[in-house]
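What follows is a short report on a single structure.
The values are calculated or read from the model by the stated rules, or taken from the named source; none is laboratory data. Just so it is clear, the structure is predicted and the values come from calculations on it, not from any experiment. Positions of Cβ are generated from backbone atoms using ideal geometry, with glycine treated the same way; all protein chains shown enter the neighbour counts.
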Amino acid sequence: MKILAINPPVEDFTAYNLWACPLGLFRIIEQFQRDGADVEYLDLLDGPDVGDDSAQPPKHRKDGRHSYWKRVRKKPEELSFVPRNFFRFGADKAKVRELIGSREKPDKVLLSTGMTYWYRTVLEIIGVVKDVFPGAKIEVGGIAATLIPEMFEQEGVKVHLGKYRINPDITGTGSRFVNFLKFFPANLIEGCPNRCLYCSSSIFYPKVRYMNLEKQVHDLENWSDVSDLTDVAFYDDALLLKKGKYLKTFLDRLDPNKYCFHTPNGLHLSEVDEELCEYFARYNFSQLRFGFETAFSRYDNKTDLKQFQKVVSLLHKNGFTSEKVGVYLLCALPGQSVEEVEKTIDIVAETGARPYLSELSPVPGTSVYETHLKESLLDFNNEPLYQNNSLSSFRSPSFNVEVMARLKQRLDKIYKAQDVRAKK
């Protein structure tokens, strides 16, 4: 069987690669490769051939983070009220058709999906594939496919809800396409035992499953030998489960002086103890990112203020200065006050950590989605474009554009003060 696997381009107000890759698609590719299929991977978002003279080229950091090829495009009519530039990230429409058209006709085309509010470029790719390869089977899976399947079912393609059925030993890190990444995507634990009211993890993974650690160690070492690179990003929703038992087992099999580890997903504060902080320091973890959300009215039961303060103290003791302890705070939650967010920002900064504001993106299937819909100034249920976190100030009755600008100015002052102290 000949298969073409495609990672679509994105249209949004902003997009940046914080160690992102379509790991789920890589797992499927690895499965088909093991079964003897001829698989070609076409990355229309971040591939080597998506740029041209009409686009702004990406800027790369040494650790694997980077911007995308991008060009300004006209906003959809539904977003005309937003006073910001709108961009096409990855291949433009002409390049999409050129790159797809240059491939041999496949028996099957697999399309990954990201955020729900990126659905329109997926529909565009479906149309191009139907036109270029009439008769080829098209299957769509991933985040948006699971959360808003009706958007793709109306195109007459097969939509996979939740996880694609894969051999339990498949991790995606054994696919040969991982060797082209500038970082290694590690995933030790699938799913999360918490059931936070704003999170979709349990929709995709009803049960927690532990991945094959030995295989990922082997794949990581092989990737590093081939690429001569050493940055590793964890894709886990619950990386520190059971006080970091599985993380420590993974790390114990590696040279502590070889790799640099990154945690873009929010880590659970309740799992952190002194031994785990020592592991973070010994194994060269860069800035740690923790999910704290708010110091007051909570939509989860993961932690509390006392636990947060204790963890930050332990991290400082192990050499993690303020700029290396990042804390995600959620704002524009239903019923949340501006004062609550301001106070939480100050509490985090005073504790000696760096607060990062995450604007709410309502996720279909979660409790917060339904609650927020009742108060929202935009009908994001009928138009997924409005689920974008960049539009939180246009949906929320409390966190308007002026309020968000003030909060971001507050954060900017905190960062500058912390940077000054760090240089002393």
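K408 meets all of the listed conditions (1) under 19 Å from K343 (Cβ atoms); (2) buried (at least 20 other Cβ atoms within 10 Å of the Cβ); (3) out of contact with any Cys (no Cβ under 8 Å at 6 or more places or on another chain) but one, namely (2). How do the pairs read when you match residues in the stretch 182-200 that are more than 22 Å from L147 (Cβ to Cβ) with residues anywhere that are in a loop (DSSP other than H, G, I, E, B) and of a type in the set (F, W, Y), using Cβ under 8 Å and keeping only pairs 6 or more apart or on different chains? Note: pairs meeting the criteria are F183/W19; A186/Y235. Restricting the first member to the stretch 251-276 and to residues that are farther than 26 Å from S358 by Cα, and the second to residues that are hydrophobic (A, V, I, L, M, F, W, C), the beta-carbon pairs closer than 6 Å and six or more apart or on different chains are R253/V217; Y259/V232; E274/L314.
For the stretch 1-23, what are the residues that are over 25 Å from G135 (Cα atoms) and small (G, A, S)?
At the first step, the residues of the stretch 1-23 found to be over 25 Å from G135 (Cα atoms) are 10-23.
Residues satisfying the conditions are A15, A20.
Evaluate the following for Y279: is it among the hydroxyl-bearing types (S, T, Y), closer than 29 Å to T366 by Cα and assigned by TED's automatic domain parsing to the domain that holds Y356? Answer is no for this residue.
Would you please name the residue that is farthest from R61 (Cα to Cα), looking only at residues in the stretch 135-145 that are crowded, with 21+ Cβ neighbours inside 10 Å and among the β-branched types (V, I, T)? Per the stated criteria, the residue is I138. Residues that are within 18 Å of the chain's Cα centre (by Cα) and aliphatic (A, V, I, L, M) were ranked within the stretch 157-196; the one that is surrounded by the fewest Cβ atoms within 10 Å (Cβ to Cβ) is L181. Looking across E359, E402, E383, E375, one residue alone is assigned by TED's automatic domain parsing to the domain that holds V327, under 22 Å from D12 (Cα atoms) and over 25 Å from the mean Cα position of the chain (by Cα). It is E402. Would you confirm, using the coordinates I've provided, whether E274 is of a type in the set (D, E), touching a helix residue (DSSP H, G or I) at 6+ places or on another chain (Cβ under 8 Å), in the same structural domain as N400 (by TED's automatic domain parsing) and modelled with pLDDT under 95? So E274 does not fit the description; no. When K245, K258 are screened for being over 14 Å from N194 (Cβ atoms), under 24 Å from the mean Cα position of the chain (by Cα) and modelled with pLDDT of 95 or more, only K245 passes.
Mind listing whichever residues of the stretch 24-79 are out of contact with any Leu (no Cβ under 9 Å at 6 or more places or on another chain), assigned to a strand (DSSP E or B) and either touching a residue at least 24 places away in the same chain (Cβ under 8 Å) or among the aliphatic types (A, V, I, L, M) (or both)? The answer is D38, D43, H60, H66, K70, V72, R73. Screening the stretch 288-395 for strands (runs of 3 or more DSSP E) wholly inside it with 3 or more residues that are in contact with a helix residue (DSSP H, G or I) (Cβ under 8 Å, 6 or more places away or on another chain) and surrounded by fewer than 21 Cβ atoms within 10 Å (Cβ to Cβ) returns the ranges 354-359.
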